[in-house]
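The values are calculated or read from the model by the stated rules, or taken from the named source; none is laboratory data. Worth saying up front: this structure is predicted, and the values here are computed from it rather than measured. Here Cβ is always computed from backbone atoms with ideal geometry, including for glycine, and neighbour counts include all displayed protein chains. Ligands, DNA and RNA are excluded from the accessible area calculation, which covers all protein heavy atoms including side chains. Shrake-Rupley method; radii C 1.70, N 1.55, O 1.52, S 1.80 Å.
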Amino acid sequence: MKAIGIILAGGNNEGRLGVLTDHRAAAALPIGSSYRAIDFTLSNMSNSGIGKVAVLTQYNSRSLKDHLTSSKWWDFGRKQGGLFVFTPYISSTDSNWFRGTADSIYQNMTYLMRSNEEYVVITSGDSIYKMDYHKLVQSHKEKGADITIAYQEMERKDLNNFGILETNEEGRLVSFEEKPEYPKTKKASLGTYVISRILLVDLLNEFVPQGKYDLVKDILLAKREELKIFGYEFNGYWNTISTGIGAYYKVNMDFLKKEIRDAFMNEYPYIETKAKDEPPAKYNKDADVRDAIVGSGTIFNGRVEHSVIFRKVYTGEGSVVKNSIIMEGCRIGKNCVVENAILDKEVILSDGQQVIGKSTQDLAILKKGTRL
Amino acid sequence: MRKKEMIAMLLAGGQGSRLGVLTRKVAKPAVAYGGKFRIIDFPLSNCINSGVDTVGVLTQYQPLRLNQHIGIGIPWDLDKKNGGVTILAPHVKGGDAGEWFMGTANAIYQNIDYIDSNNPEYILILSGDHIYKMDYSRMLSYHKEKGAAATIAVLEVPFEEAGRFGIMNTKDDDRIYEFEEKPDNPKSNLASMGIYIFTWSRLREALVEDREIHPDSDFGMHIIPKMLDEGQTMYAYRFQGYWKDVGTIESYWESNMELIKALPAFNLYEDFWKIYTNSDHQPPTYTSPEAVVKESLVTDGSEIYGEVYHSILGSQVVVGKGAVVRDSIIMGNTVIGENSVLERCIVDEDCVVGNGVHMGMGENVPNETKPNIYNTGITVIGCHTRVPDGITVGKNCVIYGNTQEEDYAEGRLDSGKSVVREGK
């Protein structure tokens with residue numbers, strides 16, 4: 001399989017993630033104690049043998065770029081391929097920010113033109129899943145498709161947040177509705193596509209200059225009848241953090257389930273992330289940590305229950321953390337209570353503070369660097 | 001030509017036989033330490049943190065795990081175009097047959113070509129045996145200030161223990177006039193830490209000359225006495241801080257356990273002077289709703305369903321339901337079965353301890369075959385070992401290999417006994 005990858009890591013998802021994306025792209029959000037969201041798609045690319053990947057980003061991309069300073073953590077090629085991070089730039093003819101997914105790829109057309117791989121795998125940096133793109137491209141070739149869209153039959157109430165596919169017996173796309181109020185099927189697009197590189201170049205050249213900037217709405221849907229678009233069913237774990245705080249919380253809590261940890265962390269190939277080399281987590285004599293995942297470098301003196309604790313967190317004696325997500329570098333003083341809460345990075349709670357959300361549906365959220 | 005002010009040569013070829021079965025398959029520098037690290041991570045990290053970016057690692061005994069661990073040096077930022085880490089193994093030379101590294105100085109002698117190709121002014125000689133953090137650049141400044149031919153890092157040890165070390169006898173200004181290996185009546189308490197800086201041209205000369213006299217040329221026994229005899233300027237550099245030789249089962253166990261203290265003498269949790277290591281991937285650890293973990297270090301990817309007290313767990317360790325691990329070191333990728341109880345055990349990497357195993361119980365009888373290695377009550381399980389379900393194991397025992405039920409008469413291994421099963 002010869003393919004290049006494009007990861008769309010552009011936006012802050014229209015603010016649906018609140019203060020968590022005040023200072024970072026959704027794709028840079030911390031996930032599962034040790035990772036950032038984009039690690040999942042980056043690892044998928046690398047593990048599928050795709051050695052050349054572009055990450056397209058524009059919104060608050062510093063933390064993302066910091067994370068991507070080297071391609072070595074994901075083992076991308078160096079001389080052949082590598083990891084490219086594209087942000088909008090100003091040239092004499094064009095000073096536009098990316099105006100949509102298609103536009104962001106169009107503005108970096110050179111990446112497509114200078115490659116010689118036959119296919120392009122496009123995915124979104126805020127999805128959490130483990131997929132062998134090799135199989136996706138295989139299906140694309142077997143069907144003789146122009147475009148293949150990965151989908152999953154989902155039993156969820158918020159299907160109206162997704163693109164909904166309808167396919168015929170052969171798997172060919174019959175209709176596609178973006179965020180329909182009343183979905184016709186349960187087949188939700190995973191935002192992952194395969195397209196031949198030449199066709200993508202042609203489509204972008206045709207549509208973007210006309211002001212059509214969205215890959216799905218403006219291009220795929222417009223060409224639905226002319227092109228052979230097929231669906232590819234994916235049955236593994238898939239979730240997205242893009243739909244809001246609730247989704248972000250759920251994805252993190254899902255890692256407390258053994259089968260999810262096994263799928264992502266214990267079964268080869270692994271999800272890789274930027275190495276931080278923190279020492280092991282330390283449990284002191286008053287620590288009582290149950291039903292929790294914990295990042296390295298963390299030191300416990302208090303109680304933790306049903307929570308996701310990232311790297312280099314410190315909890316003081318007598319403190320209680322419950323049903324919460326505590327991000328890297330947080331410091332929780334003595335006798336604090338943190339319940340139904342998300343503490344963004346480097347939050348510092350002095351002794352005796354209480355941060356309590358009403359429920360796991362109504363979380364208390366403290367933004368990065370808050371001191372109480 | 002390339003020009004480096006100082007390069008390091010790290011002697012990592014020794015077996016460390018006093019670590020018993022822990023070094024059966026790996027050289028001592030590759031032994032795991034502190035859950036996440038290997039002993040060699042400390043000198044390698046010290047190098048890059050001190051600005052020494054060219055390191056030759058000399059291997060000889062069981063180098064596989066060491067080679068895989070170091071790779072091209074990525075974890076230490078030693079994957080460099082100009083310099084970086086180079087593994088130097090004994091090799092066949094033109095004409096006559098090859099030779100092994102016969103002594104510490106002989107190993108450096110055999111790699112003169114590598115050193116010359118880097119054209120260094122100074123050379124730092126290190127061993128892969130010790131746990132410490134040290135800024136070699138400060139030692140180099142001292143060496144230059146003193147205009148020395150050699151500078152030897154020393155630690156002040158209690159006089160009553162000085163007889164166990166190589167002792168530097170110095171004048172008031174710390175200039176060395178005599179070196180005594182394990183003296184009966186020590187005149188000084190400055191113990192050599194096995195860390196030397198030499199002005200390369202001086203050492204080069206000494207190595208070439210000594211080669212003719214001592215084919216097994218050793219720094220402590222030959223090179224340092226020789227240079228002192230010649231009246232070369234040699235200074236002791238006093239190091240203050242944590243330094244531990246983890247050469248025996250007991251000192252290895254103790255040094256690991258010191259990390260557990262609420263305020264350890266050796267702090268791995270500070271961002272300044274970080275210790276780097278090579279780990280496959282770094283998933284979180286998981287503690288189940290029934291788990292109890294106290295006074296312990298737990299490394300990435302471990303899953304705890306049982307109870308862990310005062311212990312150190314490596315990465316991807318599984319402690320099964322109902323199991324109790326106490327005062328033990330469990331290295332990476334090892335599984336402790338359900339309802340097993342371990343006390344004062346060291347279990348090496350990639351082991352499977354079955355369900356309902358009781359280990360480390362009974363009388364403190366020294367090991368029958370190696371009483372000088374296993375005598376402090378610690379039972380040691382070598383790497384890739386399987387211990388079948390329901391076995392009871394005493395103290396000072398050694399188990400190695402894919403052992404079966406029939407290897408344990410009546411399902412027991414009494415204190416001081418060993419089971420070693422050879423083969424894959």
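If I filter region A:159-175 for residues that are modelled with pLDDT under 95, open to solvent by 40 Å² or more (accessible area, probe 1.4 Å) and under 18 Å from the mean Cα position of the chain (by Cα), do I get at least one hit?
The first filter runs over region A:159-175 and keeps only residues modelled with pLDDT under 95, leaving A:159-175.
Then drop every residue that is not open to solvent by 40 Å² or more (accessible area, probe 1.4 Å), which leaves A:160-161, A:166, A:168-170, A:172, A:174.
Those still in the list that are under 18 Å from the mean Cα position of the chain (by Cα) too: A:161.
Yes - at least one qualifying residue is present in region A:159-175.
For the criterion of being free of Cβ contacts under 8 Å to residues at least 24 places away in the same chain, within 14 Å of chain B (Cβ to nearest Cβ) and among the basic types (Lys, Arg), A:LYS184 fails.
Looking at B:THR376, B:THR392 in this structure, which one is touching a Lys or Arg at 6+ places or on another chain (Cβ under 8 Å) and within 20 Å of B:ARG326 (Cβ to Cβ)? If you could, list the steps in order and put the result at the bottom.
Details: B:THR376 fails: touching a Lys or Arg at 6+ places or on another chain (Cβ under 8 Å).
Criteria check complete, one pass: B:THR392.
Evaluated against (1) at pLDDT below 85; (2) assigned to a loop (DSSP other than H, G, I, E, B); (3) closer than 30 Å to A:MET265 by Cβ, A:SER91 falls short on exactly one condition, (3).
Picking from residues in region A:356-372 that are more than 21 Å from A:LEU29 (Cα to Cα) and of a type in the set (A, V, I, L, M), the one that is modelled with the highest pLDDT is A:ILE356. Taking the numbered list (1) facing chain A (nearest Cβ under 9 Å); (2) in a loop (DSSP other than H, G, I, E, B) in turn, B:TRP273 passes all entries but (1). Scanning region B:140-170 for residues that are open to solvent by less than 10 Å² (accessible area, probe 1.4 Å) and polar (S, T, N, Q) yields B:THR151, B:ASN169.
Number of residues in region A:124-138 that are more than 22 Å from A:GLU267 (Cα to Cα) and either assigned to a loop (DSSP other than H, G, I, E, B) or open to solvent by less than 20 Å² (accessible area, probe 1.4 Å) (or both) equals 1.
I'm trying to understand the selection: among the residues of region B:161-211, which are more than 28 Å from B:SER117 (Cβ to Cβ) and of a type in the set (Lys, Arg)? Selection gives B:ARG164, B:LYS171, B:ARG175, B:LYS182, B:LYS187. Only one of (1) more than 30 Å from A:GLY244 (Cα to Cα); (2) open to solvent by 60 Å² or more (accessible area, probe 1.4 Å); (3) at pLDDT below 80 fails for A:MET113. Which number is that? Evaluating A:MET113 over (1) more than 30 Å from A:GLY244 (Cα to Cα); (2) open to solvent by 60 Å² or more (accessible area, probe 1.4 Å); (3) at pLDDT below 80 leaves (3) as the failure. Residues that are polar (S, T, N, Q), facing chain A (nearest Cβ under 8 Å) and closer than 23 Å to B:ILE48 by Cβ within region B:276-303 comprise B:THR277, B:SER279, B:GLN282, B:THR299, listed in sequence order.
The number of residues in region B:304-358 being more than 14 Å from chain A (Cβ to nearest Cβ), open to solvent by less than 10 Å² (accessible area, probe 1.4 Å), in a strand (DSSP E or B) and touching a residue at least 24 places away in the same chain (Cβ under 8 Å) comes to 5.
For region A:202-219, what are the residues that are in contact with a Ser or Thr (Cβ under 8 Å, 6 or more places away or on another chain) and within 17 Å of A:ASN108 (Cβ to Cβ)? Before you say what the answer is, go through the steps one by one.
Residues of region A:202-219 that are in contact with a Ser or Thr (Cβ under 8 Å, 6 or more places away or on another chain), as a first pass: A:213-216.
Passing the criteria: A:TYR213, A:ASP214, A:LEU215.
If the condition is being assigned to a strand (DSSP E or B) and surrounded by fewer than 19 Cβ atoms within 10 Å (Cβ to Cβ), then region A:323-364 contributes A:ILE348, A:GLN354, A:ILE356, A:SER359, A:ASP362, A:ALA364. Being over 21 Å from the mean Cα position of the chain (by Cα) and open to solvent by less than 30 Å² (accessible area, probe 1.4 Å) is the filter here; which residues of region A:145-158 pass it? Across region A:145-158, the qualifying residues are A:ALA145, A:ILE147. The set of residues from region A:239-297 being open to solvent by less than 40 Å² (accessible area, probe 1.4 Å), among the acidic types (Asp, Glu) and within 7 Å of chain B (Cβ to nearest Cβ) comprises A:ASP277, A:ASP291. Among residues belonging to region B:240-270 that are within 19 Å of the chain's Cα centre (by Cα), away from chain A (no Cβ under 14 Å) and in a loop (DSSP other than H, G, I, E, B), point out the one that is modelled with the lowest pLDDT. Selected residue: B:ALA265. Scanning region B:1-20 for residues that are open to solvent by 10 Å² or more (accessible area, probe 1.4 Å) and among the aliphatic types (A, V, I, L, M) yields B:MET1, B:MET6, B:LEU11.
Residues in region B:110-130 that are in contact with an Asp or Glu (Cβ under 9 Å, 6 or more places away or on another chain) and at pLDDT below 95: B:GLN110, B:ASP129, B:HIS130. It is to be established whether one or more residues within region B:284-297 are within 23 Å of the chain's Cα centre (by Cα) and either crowded, with 24+ Cβ neighbours inside 10 Å or in a strand (DSSP E or B) (or both). The answer is yes, given that some residue of region B:284-297 is within 23 Å of the chain's Cα centre (by Cα) and either crowded, with 24+ Cβ neighbours inside 10 Å or in a strand (DSSP E or B) (or both). Checked against (1) in contact with a strand residue (DSSP E or B) (Cβ under 8 Å, 6 or more places away or on another chain); (2) within 14 Å of chain A (Cβ to nearest Cβ), B:MET227 meets all criteria but (2). For region B:400-419, the tally of residues that are out of contact with any helix residue (DSSP H, G or I) (no Cβ under 7 Å at 6 or more places or on another chain) and touching a residue at least 24 places away in the same chain (Cβ under 8 Å) stands at 5.
Looking across region B:171-208 at every residue that is among the aromatic types (Phe, Trp, Tyr) and under 21 Å from B:GLU145 (Cα atoms), the one that is surrounded by the fewest Cβ atoms within 10 Å (Cβ to Cβ) is identified as B:TYR177.
Got at least one residue in region A:305-312 being at the interface with another protein chain (Cβ under 7 Å from one of its Cβ atoms), over 16 Å from A:ASN340 (Cα atoms) and in contact (Cβ under 8 Å) with a residue 24 or more places away in the chain? No; the residues of region A:305-312 include none that is at the interface with another protein chain (Cβ under 7 Å from one of its Cβ atoms), over 16 Å from A:ASN340 (Cα atoms) and in contact (Cβ under 8 Å) with a residue 24 or more places away in the chain. B:HIS281 satisfies every condition listed in (1) open to solvent by 30 Å² or more (accessible area, probe 1.4 Å); (2) in a loop (DSSP other than H, G, I, E, B); (3) of a type outside the set (A, V, I, L, M, F, W, C) except (1).
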